[in-house]
1. May I ask you to derive the relative contact order of the range 64-162, considering only C-alpha pairs under 8 Å and at least 6 residues apart, and to give it as an integer percent?
2. Compute the orientation-averaged projected area for the range 1-115 from the convex hull of its Cα atoms and round it to one decimal in nm².
3. Under the classification rounded if a/c is under 1.5, otherwise prolate if a/b is larger than b/c and oblate if not, where does the range 82-160 fall, given a ≥ b ≥ c as square roots of the Cα gyration tensor eigenvalues?
4. Given labels modelled 7 Å from the Cα in the Cβ direction, how far is it in nm from Glu90 to His244?
5. Kindly report the accessible area of the range 2-224 per residue (heavy atoms of protein chains, probe 1.4 Å, no ligands, DNA or RNA), in Å².
6. Once R0 is set to 35 Å, what does the formula 1/(1 + (r/R0)^6) return for the Cβ-Cβ distance between Glu164 and Leu134, expressed as a FRET efficiency to the nearest 0.05?
7. Given only helices, namely DSSP H runs of n ≥ 4 each adding -39500 (n - 2.57), what is the per-residue ellipticity at 222 nm of the chain, to the nearest 500 deg cm²/dmol?
8. Could you work out the relative contact order of the range 2-224? I mean the mean sequence separation of Cα pairs under 8 Å and 6+ apart, divided by the number of residues, in percent.
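The values are calculated or read from the model by the stated rules, or taken from the named source; none is laboratory data. Computed from a predicted model, the values in this text were never measured in an experiment. Note: ideal-geometry Cβ built from the backbone for every residue, glycine included; neighbour counts use all protein chains shown. Calculation scope for accessible area: heavy atoms of the full protein, side chains included, ligands and nucleic acids excluded. Shrake-Rupley method; radii C 1.70, N 1.55, O 1.52, S 1.80 Å.
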Amino acid sequence: MKILVAVKRVIDYKVSVRIKQDGSGIETSNVKMSINPFDEIAIEEALRIKEKGLASEIIVVSIGGDACQENLRTALAMGADRAILIKTNEDIQPLATAKILKALALQESINLVILGKQAIDTDDNQVGQMLAGLLDWPQGTFASKLEFHDNGVTVTREIDGGLESLFLTLPAVVTTDLRLNEPRYISLPNIVQAKRKSLDVILAESFNLDLAPHLKIINVAIPEKHRQCIRVETIADLVRRLKHEDRVI
């Protein structure tokens, strides 16, 4: 079984984000970047699957500029076998990402695609579902547990009402939730070994896909601070307070 893991470069979760002065987006200059935390969980799960003897190769892929190589090397240091950078300096939106991952999954004869349920920068939560739709593969989103069988995998997923179990025949797409695992610590010897592992660079244009953006960001702003919550004893007290604040009721 070959596993493909998608890795996105995002602002480190410990960094306080700043909005550009013109409101066009988030400031990323001179900001610490790292692997999307949910994607780290996806890498860890792929490694555990291989350690059980269920996978022959783990391929990590990232879409973006040359700086993404740093994150791919981190994934290789964790234990992935090889890495692929789909190089582009354009803003690649979820649908375009899914199209590229589909082409790569078919090209590499992938049996299982694992990716984070969402990226912490845009919080779109779309790529996994779009990819499964484009490939016409079964999908298990928000996975908190994976159990493999001879003819497929059982995915325990987190839903609003609790837990739901799905049986997926391979090939399939799985997106990871926080409680699936805890990513391992990367040792110095593994970091050194990662420098000798294969990292291929492919131009996004070579796939001959329509990667044009379909969404346009109009403005980015800090959300308004929430007003203080006040408990009222009666409806009459609520009406009085709303009238006092000139609120429509």
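1. Values: 80 pairs, mean separation 18.0, N = 99.
Once normalised by length, the contact order is 18 percent.
2. Numbers: hull surface 29.9 nm².
If I average the Cα hull's projected area over directions, I get 7.5 nm².
3. Working: a/c = 2.08, a/b = 1.32, b/c = 1.58.
Oblate, because a/c is 1.5 or more while a/b does not exceed b/c.
4. 5.7
5. Numbers: 11800 Å² over 223 residues.
Ligands and nucleic acids excluded, the result is 53 Å² per residue.
6. Values: r = 23 Å, r/R0 = 0.67.
Efficiency at R0 = 35 Å is approximately 0.90.
7. Details: 6 runs with 66 residues, N = 249.
That comes out to -8000 deg cm²/dmol.
8. Details: 450 pairs, mean separation 58.5, N = 223.
Result for the range 2-224 is 26 percent.
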